[in-house]
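The structure appears right after this line, and notes come after that.
The values are calculated or read from the model by the stated rules, or taken from the named source; none is laboratory data. All values reported here derive from a predicted model rather than from experimental measurement. For neighbour counting, all protein chains shown are included, and Cβ atoms are generated from backbone atoms with ideal geometry for every residue, glycine included.
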Amino acid sequence: MNWKQLHQNGYRLLRTKDVGSLLRLANELGDPISSRPGRPVLVELKPEPSHNARTSSMTSRFGLHSFPLHTDGAFRLVPPRFLILRCERDSIGDRPTIILDSQRFLNDPLRARLRAHLWQVNARPAFYCSLLQQIEGLLCLRWDTNILRPAHRSAQSTTHDFDHALTSIPTVSIRWEPNLTIIIDNWRLLHARADRPEGADYEDRLLQRVLVAARKE
């Protein structure tokens, strides 16, 4: 498969007809991994109220509303290399996934500060890291306001400037329809969920997610 678009843009849109096709795609990219121990590699995602969610998850905090821009698996020592989302069904089709390319809004001075300063990751166990790390020759951006806290005053200032940079360029909206699939470079792009369509009291949106780690040579 030609991965030129993924390399150039940080994401690629395509269609997969079923779960088998989705998993084969994941195995072409690298090693599919579960989000947490004991969970399956393929996870189904649907809008749910906060009281149904696992503690510390995005849904537990934001419920049926929008999710902020973030990195999937930011709580891991090494976040997943790729994120694949596939739409199984969506009759409304008006709750897009938002993506934002960090290469378009990070300048060199801000990159240097993201690498130099430290944030605490509220995981189990908690650990400290920079928001921008070099892993196997590639830069990996980590961002999730749900679990990341500045570890010192300089990091607080950098967080403020990073927040400002997030709003400096337009985002891209992915509007879902059945079988539409997106591969996201999870080290480069941030993604978010749009808010519930106005006036909608029912949604049947169901996305399937697979996280992919870089395959070790």
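Is it the case, given these coordinates, that residue 167 is in contact with a His (Cβ under 9 Å, 6 or more places away or on another chain) and over 18 Å from residue 72 (Cα atoms)?
no
In this structure, does residue 213 turn out to be among the small types (Gly, Ala, Ser) and surrounded by 12 or more Cβ atoms within 10 Å (Cβ to Cβ)?
yes
Return the pairs, sorted by first residue and then second, in which the second residue is of a type in the set (D, E, K, R) and surrounded by 13 or more Cβ atoms within 10 Å (Cβ to Cβ), the first residue lies in region 121-135 and is within 16 Å of residue 55 (Cα to Cα) and free of Cβ contacts under 8 Å to residues at least 60 places away in the same chain, the beta carbons are less than 9 Å apart, and the residues are 6+ apart or on different chains.
Close Cβ pairs satisfying both conditions: 121/76; 121/142; 121/144; 121/149; 123/76.
When the residues of region 77-121 are narrowed to those that are among the polar types (S, T, N, Q) and at pLDDT 95 or above, which ends up nearest to residue 19 (Cα to Cα)?
Result: 97.
If a residue has to be touching a residue at least 12 places away in the same chain (Cβ under 8 Å) and assigned to a loop (DSSP other than H, G, I, E, B) to count, how many in region 39-54 make the cut?
Of the residues in region 39-54, 5 are touching a residue at least 12 places away in the same chain (Cβ under 8 Å) and assigned to a loop (DSSP other than H, G, I, E, B).
Which ones in region 81-132 are closer than 20 Å to residue 8 by Cα and either among the polar types (S, T, N, Q) or in contact with a Ser or Thr (Cβ under 8 Å, 6 or more places away or on another chain) (or both)?
84, 85, 97, 98, 99, 100, 102, 103, 105, 107
Of the residues 101, 90, 31, 94, which single one is within 26 Å of residue 165 (Cβ to Cβ) and acidic (Asp, Glu)?
101
Name the single residue that is surrounded by the fewest Cβ atoms within 10 Å (Cβ to Cβ) among those in region 169-183 being hydrophobic (A, V, I, L, M, F, W, C) and assigned to a strand (DSSP E or B).
Among those that are hydrophobic (A, V, I, L, M, F, W, C) and assigned to a strand (DSSP E or B), it is 172.
Going residue by residue through region 184-197, is there one that turns out to be of a type in the set (Asp, Glu), over 17 Å from the mean Cα position of the chain (by Cα) and surrounded by fewer than 18 Cβ atoms within 10 Å (Cβ to Cβ)?
No, there is no match, as no residue in region 184-197 is of a type in the set (Asp, Glu), over 17 Å from the mean Cα position of the chain (by Cα) and surrounded by fewer than 18 Cβ atoms within 10 Å (Cβ to Cβ).
Residues are listed down the side, and each one gets a yes or a no for (1) touching a helix residue (DSSP H, G or I) at 6+ places or on another chain (Cβ under 7 Å); (2) over 26 Å from residue 155 (Cβ atoms):
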position: 15; (1), (2): no, yes
position: 49; (1), (2): no, yes
position: 63; (1), (2): yes, yes
position: 78; (1), (2): no, no
position: 95; (1), (2): no, yes
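Among the residues of region 1-38 satisfying the criterion of being among the basic types (Lys, Arg) and part of a loop (DSSP other than H, G, I, E, B), which is farthest from residue 83 (Cα to Cα)?
Checking each candidate, the answer is 17.
Being over 16 Å from the mean Cα position of the chain (by Cα) and crowded, with 16+ Cβ neighbours inside 10 Å is the filter; apply it to region 18-40 and report the residue that is nearest to residue 177 (Cα to Cα).
22
Do any strands (runs of 3 or more DSSP E) lying entirely in region 92-160 carry at least 2 residues that are more than 17 Å from the chain's Cα centre (by Cα) and surrounded by fewer than 19 Cβ atoms within 10 Å (Cβ to Cβ), and which ones are they?
Qualifying strands (runs of 3 or more DSSP E): 127-129, 132-135, 148-150.
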